[in-house]
Each structure stands twice: as structure tokens, then as C-alpha cells.
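Just so it is clear, none of the values below were taken in a lab; they were calculated from the coordinates. Only a predicted model underlies this, so the values are computations on that prediction, with no experimental measurement involved. Cβ atoms come from the backbone with ideal geometry, glycine included; neighbour counts cover every protein chain shown.
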Amino acid sequence: MLVKEVMTRWPVVVGPGTTAREALRLLDEHAITALQVVDAQERVVGVVSDADLVRDAVGAGPRAHAAPSRDVPRQRARTVGELMSPAVTVDGDADLAEAVVLMTSRALKSLPVVDGEGRPVGVLSRRDVVHQVARSDEQTERDLAALFALLRVDWRAVAYGGAVRVEGPVDERARSLASRAVATVPGVTSVDIVHQG
């Protein structure tokens, strides 16, 4: 399965000059945890997360001022450009499994999905992946039945926890087609082709 088949399209983007307050408003309005930061050519140059913004927005409480402090008050960042992290991006044609490894190995909640020019085309979040993996076996089987009807084949598929068993393909060419076609269906994690003689 490819990233572009799972990603959320139309990512919310901001420029480096966007104020931290406006960025917080956008996160709240869209119920998301990060914004992609783009330059003047609309290329992704960074990501600003809710953690980056909240950490900067929430100052010390009134009780913190009760005791004298030697610390010099730090100046709050005013723009996204001051708070963002460098972007770790993924191509829409990348394999979803590779993108998941990238997200989990770097503890990222989401990845900007970019085209060949580095411009945003979507965002892949952990939630997007969970949504695909958590699909019911019944939904997967319905999708496979529709796919087989489109291919005009009389194969039968049974799904169990993302693993799919396909009955029907006889020769090597049909088995190869079945394996490739079934792997494109969201939620499928493995394919076993069985010929019932």
C-alpha cells in the first residue's frame, strides 16, 4: 500500500512569519497536532507542533513570581519560523510500511507528504494508519469482492485481522495478479493465494 492511498489530503500549511497565536488557532480549528511550514515557493521547510506552540505560549503561573528568581525571563517566540523543527517528509508513492517505520523510529506523530518539488500534497498521521489497519474484516472482504468483480474473476477472499486468503487463481500469472491487486486494498497486511482443485 502506498502513502498516497492512506494520507489525508489538503494539509493545513502556514508560512514562517505566521504568528504563534494564529498557528494555535489553526490547530484548534482543524483539530490537528501539527502544521506544515512552507517557504515562498510553497516547499515544505519545517513542521510546528502543538507541543512547540503550547510550550512557548504557556508562561509561568502567578505563584512562580512569589519567590525571587535569578533567571532572566526568556523572550517568547513570536513566529512559527522561530519554533518550527526541520521537516521529515515522505513521497506519496512511498510504501506505507516504510513511512510507518520512519514515523515510529523518530517518534513522529505525522509526516508531511510532498511531491517531487517538495510541495505539500498531504499529511500522513498515525491516526490515518490506525484508521486503515483497524478496518473490519467484513469491509476488507467487501472491497475485495468489488475488486474481483472489476477484474472479472471468480476468486473468493477471506480476511482475518488484515491477513487475506484468496482462493481461485490457478496459473502463475493469475496468482501474481491476485497478489498485487489484493495488496492495494486498505487494511490488507498479508496475502496467501490458494488454488482449490
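Here are a few things to note about the model shown:
- Between helix 20-30 and the chain: long-axis angle, C-alpha atoms, 0 to 90°, nearest 10: 30
- Highest-MSF residue in the chain out of Val133, Val58, Val113 [GNM, Cα springs under 10 Å]: Val58
- DSSP-assigned coil residues among trypsin sites (Lys or Arg not before Pro) in the stretch 98-197, each with at most 10 further Cβ atoms within 10 Å: Arg106, Arg152
- Among residues other than Pro16 with Cβ under 9 Å from its Cβ, the summed charge is -2 (Lys and Arg +1, Asp and Glu -1).
- With K and R counted +1 and D and E -1, the other residues having a Cβ less than 12 Å from that of Val113 yield a net charge of -2.
- Helix-derived mean residue ellipticity, 222 nm - over the chain, DSSP H n ≥ 4, -39500 (n - 2.57), to 500: -10000 deg cm²/dmol
- Folded to 0 to 90 degrees: helix 172-183 orientation relative to the chain principal axis, Cα: 30
- Computed Kirkwood radius, in angstrom, where 1/r is averaged over Cα pairs of the stretch 82-150: 13.9
- Length, then width, then depth: along the principal axes, the Cα atoms of the chain run 84, 39, 27 Å.
- P(r) weight above 17 Å for the stretch 137-194, C-alpha pairs, percent: 23
- Here is the list for the stretch 111-194: GluC sites (Glu not before Pro) lying in DSSP coil, each with at most 15 other C-beta atoms within 10 angstrom of its C-beta, are Glu117.
- Amide hydrogen neighbours beyond the local backbone of Val164, cut-off 5 Å, H modeled: Thr189, Ser190, Val191, Asp192
- Summed residue charge, Cβ within 14 Å of Gln132's Cβ, Lys/Arg positive, Asp/Glu negative: -1
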